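Asks: One structure coming up, written as structure tokens, with questions to follow.
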Amino acid sequence: MSPEKIVARSLSLLTWGCLALCVIFTAGCPQEMANQPKYKPYAPGPFFGDGRSARPLVEGTVARGQAQLDEHLYIGKIAGMLADTLPFPVTRSLLERGQERYNIYCTPCHDHVGQGQGMVVRRGFRRPPSLHIDRLREAPIGYFFDVMTHGFGAMPDYAAQVTSHDRWAIAAYMRALQLSQHATLADVPVAVRPQLQGTNK
């Protein structure tokens, strides 16, 4: 065998030997990134006296961007009492947003006019009170926000589905619904009154 072939064969054997060693060492290395020393959620652990591996949040912990410090806006109260005003001005766009959200979340039970004859009620679900009874017409607007936030009776809360801003928009629209069913001619702008032919209000 020529010296060139001997050198080539030696290099080939050396290359294969190195590859074999790499494979052996790689297979023998611990997969520290894949097998981390950790506990899965809710798994028990021996470190803490209560046997739980996870620690409860420190009291008063607030997620970033979730510091809801405005009691009026996020709780619907002022100095602990239900608010009788909205935390922002009433505009046409606010009422249109409230109507849109009301039609999505409220009409199945309360219907489009607020009489409590929604589709699920007509299918046997418990009927909610009409929004036009005296008790609800005289309630502060913060009451509606509070009921949407925490639920009431058979009505579940909608805090997870509807943002606080949209809950206020819905409450504003509900006030507009109430006014629409109990308005008098004095509530109509003077320029529009001639268009209301035959009204006795």
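The values are calculated or read from the model by the stated rules, or taken from the named source; none is laboratory data. Predicted model, so just to flag it, every value in this text is computed and none were measured. FYI the Cβ positions are ideal-geometry reconstructions off the backbone, even for glycines, and counts take in every protein chain you see.
Asks: Any residue that is part of a loop (DSSP other than H, G, I, E, B) and within 16 Å of ARG175 (Cβ to Cβ) - is there at least one of those in region 62-75?
Replies: No - not one qualifying residue is present in region 62-75.
Asks: In region 76-98, which residue that is of a type in the set (Gly, Ala, Ser) and in contact (Cβ under 8 Å) with a residue 60 or more places away in the chain is farthest from ASP166 (Cα to Cα)?
Replies: Only one residue tops the list, namely ALA83.
Asks: Out of the residues in region 112-154 meeting the condition of being surrounded by 13 or more Cβ atoms within 10 Å (Cβ to Cβ) and of a type in the set (D, E, K, R), tell me which one is nearest to HIS165 (Cα to Cα).
Replies: ASP146
Asks: Can you tell which of GLN178, GLN161, GLN195 is over 21 Å from LEU82 (Cα atoms) and either surrounded by 12 or more Cβ atoms within 10 Å (Cβ to Cβ) or in contact (Cβ under 8 Å) with a residue 40 or more places away in the chain (or both)?
Replies: So the residue among GLN178, GLN161, GLN195 that is over 21 Å from LEU82 (Cα atoms) and either surrounded by 12 or more Cβ atoms within 10 Å (Cβ to Cβ) or in contact (Cβ under 8 Å) with a residue 40 or more places away in the chain (or both) is GLN161.
Asks: Moving on to the next point. Need at least 2 residues that are of a type in the set (S, T, N, Q) per element, so show me which helices (runs of 4 or more DSSP H) inside region 127-201 make the cut, counting only ones lying wholly within it.
Replies: Result: 164-182.
Asks: For region 94-149, which residues satisfy the criterion of being over 11 Å from TYR173 (Cα atoms) and small (Gly, Ala, Ser)?
Replies: GLY116, GLY118, GLY124, SER130, ALA139, GLY142, listed by residue number.
Asks: Which numbered condition trips up GLY45, out of (1) modelled with pLDDT under 80; (2) touching a strand residue (DSSP E or B) at 6+ places or on another chain (Cβ under 7 Å)?
Replies: (1)
Asks: Pick from region 106-120 the residues that are in contact (Cβ under 8 Å) with a residue 24 or more places away in the chain and in a loop (DSSP other than H, G, I, E, B): which of them is farthest from ASP157 (Cα to Cα)?
Replies: Filtering region 106-120 for residues that are in contact (Cβ under 8 Å) with a residue 24 or more places away in the chain and in a loop (DSSP other than H, G, I, E, B), the one farthest from ASP157 (Cα to Cα) comes out as VAL113.
Asks: Restricting attention to region 56-107, which residues are on the phi > 0 side of the Ramachandran plot and surrounded by fewer than 16 Cβ atoms within 10 Å (Cβ to Cβ)?
Replies: If the condition is that a residue be on the phi > 0 side of the Ramachandran plot and surrounded by fewer than 16 Cβ atoms within 10 Å (Cβ to Cβ), then GLY60, GLY65, ALA79, GLY80 are the ones that fit.
Asks: While we're on this one: Taking the conditions exactly as written (touching a residue at least 24 places away in the same chain (Cβ under 8 Å) and either in contact with a helix residue (DSSP H, G or I) (Cβ under 8 Å, 6 or more places away or on another chain) or of a type outside the set (A, V, I, L, M) (or both)), does ARG101 satisfy them or not?
Replies: So ARG101 fits the description; yes.
Asks: How do the pairs read when you match residues in region 55-75 that are over 18 Å from LEU86 (Cβ atoms) and among the charged types (D, E, K, R) with residues anywhere that are surrounded by 10 or more Cβ atoms within 10 Å (Cβ to Cβ) and at pLDDT 85 or above, using Cβ under 9 Å and keeping only pairs 6 or more apart or on different chains?
Replies: As it stands, the answer is ARG55/PHE48, since those pairs meet every condition given.
Asks: So, THR107, is that one out of contact with any Cys (no Cβ under 7 Å at 6 or more places or on another chain), under 22 Å from LEU131 (Cβ atoms) and of a type in the set (Val, Ile, Thr) or not?
Replies: yes
Asks: Among LEU86, LEU136, LEU94, LEU131, which is the only one that is at pLDDT 95 or above, in contact with a Phe, Trp or Tyr (Cβ under 7 Å, 6 or more places away or on another chain) and aliphatic (A, V, I, L, M)?
Replies: The match here is LEU86.
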